Amino acid sequence: MKFGLMINEGPYNHQASDSAYLFAKAAIEKGHKVDRVFFYHDGVYNATKLTQPPQDDRHIVNRWKNLADEHGIDLVVCVAAALRRGIVDENLSPGFRISGLGQLVESGIQSDRLVVFGD
Amino acid sequence: MTEATGGIEMDEDSAGTIKKFMFVNRKAPYGTIYALESLEVVLISAAFDQDVSLAFLDDGVYQLKKGQATKAIDVKNFSPTYRALEGYDIEKLYVEKESMDERGLTEDDLIVDVQIMSRAEMADMMDEQDVVLSF
């Protein structure tokens, strides 16, 4: 099955990004495909390369990047939500790209399931 | 790519596919940005010629309340946008009766024409959708 994911909350503050990551990993392990993860609302904070968690904690941003590298996942950050919150190309983590909300709607059309992680 | 419409060019995979999209609005219009940013997705989805509907439940019913006056909190009153949805051919607005009753609201309190339905009918409506986006 082809999944699209949407993440609507920031990292560390909320479980949404963790749950989505674990879901993506589990789905891939079961042989499913995760095509795209779309970051919206405060979810855009999952894409800043300035993130520096304590050494003994998970690195949520790099974890997404690594999973995307391994499995060809398209990590898309909403441009309007990003600009509002100061996420721009200069502080965007490698592995992510900034684009429009059309990418979310397209993901809904092309995926078998679009799964939303948020409040 | 422009800020508002970035990425709306469809590739061949999605051209011609029409899915049932439902946007579920569950939060009050102010206090958090969910309602406003939800509306931004709704407007973009209109460009994709999909079968779009909006559902309002829980505090989300307040998004359609008449007489929103936001000057004192220095936030833009975006409620007129709901009236503009018709111009985007988005005409399916569903409001849950129980949520209205719980908050003492009636159809006369709302700024747009909606279809009021019971919680059970709303569940059936969600079941019919291909894509449900909850905000």
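Just so it is clear, none of the values below were taken in a lab; they were calculated from the coordinates. Bear in mind that the values here come from a model prediction, so they are computed numbers and not experimental data. Cβ atoms come from the backbone with ideal geometry, glycine included; neighbour counts cover every protein chain shown.
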Can you name the condition, by its number, that A:VAL79 falls short on among (1) within 15 Å of the chain's Cα centre (by Cα); (2) free of Cβ contacts under 8 Å to residues at least 24 places away in the same chain; (3) more than 12 Å from every other protein chain (Cβ to nearest Cβ)? (3)
A:ARG85 fails exactly one of the following numbered conditions: (1) of a type in the set (D, E, K, R); (2) within 14 Å of the chain's Cα centre (by Cα); (3) under 21 Å from B:GLU37 (Cβ atoms). What is the number of that condition? (2)
Hey, A:LYS25 away from chain B (no Cβ under 14 Å), surrounded by fewer than 24 Cβ atoms within 10 Å (Cβ to Cβ), of a type in the set (Lys, Arg) and closer than 20 Å to A:VAL116 by Cβ or not: yes
Number of the exception - B:LEU93 against (1) under 16 Å from B:GLY60 (Cα atoms); (2) over 16 Å from the mean Cα position of the chain (by Cα): (2)
When A:VAL34 is run through (1) within 10 Å of the chain's Cα centre (by Cα); (2) more than 14 Å from every other protein chain (Cβ to nearest Cβ); (3) without any contact (Cβ under 8 Å) to a residue 40 or more places away in the chain, the failure sits at (1)
Would you mind stating whether B:GLU37 is of a type outside the set (Ser, Thr, Tyr) and either within 13 Å of chain A (Cβ to nearest Cβ) or buried (at least 17 other Cβ atoms within 10 Å of the Cβ) (or both)? yes
Could you figure out which of (1) surrounded by fewer than 19 Cβ atoms within 10 Å (Cβ to Cβ); (2) touching a strand residue (DSSP E or B) at 6+ places or on another chain (Cβ under 8 Å); (3) assigned to a helix (DSSP H, G or I) isn't true of B:GLN129? (3)
From A:TYR12, A:TYR21, A:TYR45, which residue is free of Cβ contacts under 8 Å to residues at least 60 places away in the same chain, farther than 16 Å from A:PHE96 by Cβ and hydroxyl-bearing (Ser, Thr, Tyr)? A:TYR12
Identify all residues within region B:88-125 that are touching a strand residue (DSSP E or B) at 6+ places or on another chain (Cβ under 6 Å), closer than 17 Å to B:LYS27 by Cβ and not aromatic (Phe, Trp, Tyr); write none if there are none. B:LEU93, B:VAL95, B:MET122
Step by step: first the residues of region B:40-49, then only those that are of a type outside the set (Ser, Thr, Tyr), under 18 Å from B:LEU93 (Cβ atoms) and within 7 Å of chain A (Cβ to nearest Cβ), then the one that is surrounded by the fewest Cβ atoms within 10 Å (Cβ to Cβ). Which residue is that? B:GLU40
